[in-house]
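Student: Here's a structure for you.
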Amino acid sequence: MKKRKMILVCALLLSLVVHAQWRVGVTAGTTYNTYTMDKQYEVDWQTKGRWGATIGITGQYDVTDWLGIRADLNWTQKNYRRYRERIPISYKYFNDYLQLPVMASLSVGGEKLRGFVNLGIYGGYWLSCHREGYETNSFSNRYYSLSEKVEFDSDRDQRWDFGLVSGVGLEYRVFKHWAAQVEARYYHSTTSVQKQYMRVKDYRYHSTIAIQAGVSYIF
């Protein structure tokens with residue numbers, strides 16, 4: 001019995017090795033990010049989501065024809081707008097992140113056209129922040145436009161970002177070694193972008209949808 005089990009395990013591992021293959025590729029697309037916060041003492045502030053962009057490189061190890069392990073390295077924008085309704089003040093924030101999602105990729109379908117689902121976790125780093133908008137001087141009632149780089153405050157800003165990622169898409173095998181993909185992906189941050197440095201807790205999070213397309217070379 002032991003020998004039979006060993007033979008079955010070896011046969012299974014051999015079949016996985018024979019089928020396993022690597023692929024590398026590039027992706028590009030657009031993002032829509034929403035910014036949520038516990039207003040508390042900023043009850044008159046409103047937030048709205050904004051569009052951005054994403055580009056990246058991807059690598060995947062296909063264990064079987066339905067299961068792969070995928071890792072991406074991408075530059076992703078997580079933009080949003082903040083404004084006050086009573087006092088005319090509005091800022092558009094442009095946030096650049098470097099992200100590394102690691103996912104299990106499950107696929108089903110034929111040789112040419114396949115559907116897939118990606119599930120995993122990601123880590124990211126907040127590279128830079130820029131804001132544009134206008135402010136109002138309450139004494140002179142004049143508008144002032146601004147466009148400036150936002151300097152990071154180590155006591156206030158959390159530059160590391162971690163969370164969950166999921167995606168669904170379609171792949172079309174164009175040639176024997178080339179495939180094209182389209183995917184809708186969702187990044188759910190579990191790390192507040194603001195550290196809790198004040199007595200009043202102030203948690204703020206990004207939620208990002210990415211619509212992207214890419215091509216892969218399959219070895």
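The values are calculated or read from the model by the stated rules, or taken from the named source; none is laboratory data. What you see is a predicted model; the values in this text were computed from it and never measured. Please note: Cβ atoms are built from the backbone with ideal geometry, for glycine as well, and neighbour counts cover all protein chains shown. Calculation scope for accessible area: heavy atoms of the full protein, side chains included, ligands and nucleic acids excluded. Shrake-Rupley method; radii C 1.70, N 1.55, O 1.52, S 1.80 Å.
Student: Do you know which of the residues in the range 25-42 that are under 16 Å from Lys195 (Cα atoms) and in a strand (DSSP E or B) is modelled with the lowest pLDDT? First the steps, then the outcome.
Tutor: Of all residues in the range 25-42, those under 16 Å from Lys195 (Cα atoms) come to 35-40.
In the following step, the residues that additionally are in a strand (DSSP E or B) were identified as 35-37.
Working: Tyr35: 95, Thr36: 92, Met37: 85.
So the residue we want is Met37.
Student: If the requirement is being at pLDDT 95 or above, of a type outside the set (Phe, Trp, Tyr), in contact with a Phe, Trp or Tyr (Cβ under 9 Å, 6 or more places away or on another chain) and more than 23 Å from Thr208 (Cβ to Cβ), which of these qualifies: Arg114, Arg159?
Tutor: Working: Arg159 fails: more than 23 Å from Thr208 (Cβ to Cβ).
None of the other options fit; the residue is Arg114.
Student: Hey, among the residues in the range 68-111 that are among the basic types (Lys, Arg) and at pLDDT 95 or above, which one's most open to solvent (accessible area, probe 1.4 Å)? Outline the logic, then answer.
Tutor: Going residue by residue through the range 68-111, those that are among the basic types (Lys, Arg) are 70, 78, 81-82, 84, 86, 92.
Among the residues that remain, those that are also at pLDDT 95 or above are: 70, 78, 81, 92.
Numbers: Arg70: 7, Lys78: 1, Arg81: 65, Lys92: 86 Å².
Among those that are among the basic types (Lys, Arg) and at pLDDT 95 or above, it is Lys92.
Student: Taking only the range 113-167 into account, find how many residues are closer than 23 Å to Asn74 by Cα and of a type in the set (Gly, Ala, Ser).
Tutor: Number satisfying all stated conditions: 8.
For (1) closer than 20 Å to Met103 by Cβ; (2) touching a Lys or Arg at 6+ places or on another chain (Cβ under 8 Å); (3) not polar (S, T, N, Q), each residue gets a yes or a no:
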residue	(1), (2), (3)
Gln158	no, yes, no
Gly167	yes, yes, yes
Lys176	no, no, yes
His188	yes, no, yes
Asp202	no, no, yes
Tyr205	no, no, yes
Phe219	yes, yes, yes
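Student: Within the range 156-188, take every residue that is of a type in the set (Lys, Arg) and closer than 21 Å to Asp38 by Cα and give me the one that is surrounded by the fewest Cβ atoms within 10 Å (Cβ to Cβ). Outline the logic, then answer.
Tutor: So the first thing to find is which residues in the range 156-188 are of a type in the set (Lys, Arg), and the list is 156, 159, 173, 176, 185.
Next cut, closer than 21 Å to Asp38 by Cα only: 156, 159.
Numbers: Arg156: 13, Arg159: 15.
Checked the range 156-188; the qualifying residue surrounded by the fewest Cβ atoms within 10 Å (Cβ to Cβ) is Arg156.
Student: To continue, here is another question. If I filter the range 122-144 for residues that are crowded, with 16+ Cβ neighbours inside 10 Å and at positive phi, do I get at least one hit?
Tutor: Yes, there is a match, as at least one residue in the range 122-144 is crowded, with 16+ Cβ neighbours inside 10 Å and at positive phi.
Student: Let me ask something else. Between Asp153, Asp161, which is part of a loop (DSSP other than H, G, I, E, B) and of a type outside the set (Gly, Ala, Ser)? So that I can check it myself, show each step before the final result.
Tutor: Working: Asp161 fails: part of a loop (DSSP other than H, G, I, E, B).
None of the others qualify; the one that does is Asp153.
Student: Considering only residues that are hydrophobic (A, V, I, L, M, F, W, C) and open to solvent by 40 Å² or more (accessible area, probe 1.4 Å), look in the range 112-121 and name the one that is farthest from Arg81 (Cα to Cα). Please lay out each step first, then the result.
Tutor: Within the range 112-121, the subset hydrophobic (A, V, I, L, M, F, W, C) is 113, 116-117, 119, 121.
Now narrow it down to the ones that are open to solvent by 40 Å² or more (accessible area, probe 1.4 Å): 113, 117, 119, 121.
Details: Leu113: 39, Val117: 31, Leu119: 29, Ile121: 26 Å.
Selected residue: Leu113.
Student: Still on this model: So which residues in the range 189-219 are surrounded by 14 or more Cβ atoms within 10 Å (Cβ to Cβ), under 20 Å from Leu127 (Cβ atoms), under 18 Å from the mean Cα position of the chain (by Cα) and not hydrophobic (A, V, I, L, M, F, W, C), if there are any at all?
Tutor: Ser189, Thr191, Ser192, Arg204, Tyr205, His206, Ser207, Thr208, Gln212
Student: From the residues in the range 31-67 that are without any contact (Cβ under 8 Å) to a residue 24 or more places away in the chain and not acidic (Asp, Glu), which one is least open to solvent (accessible area, probe 1.4 Å)?
Tutor: So in the range 31-67, the residues without any contact (Cβ under 8 Å) to a residue 24 or more places away in the chain come out as 39, 42-43.
This time we only want the ones that are not acidic (Asp, Glu), so: 39, 43.
Numbers: Lys39: 71, Val43: 101 Å².
Among them, the one singled out is Lys39.
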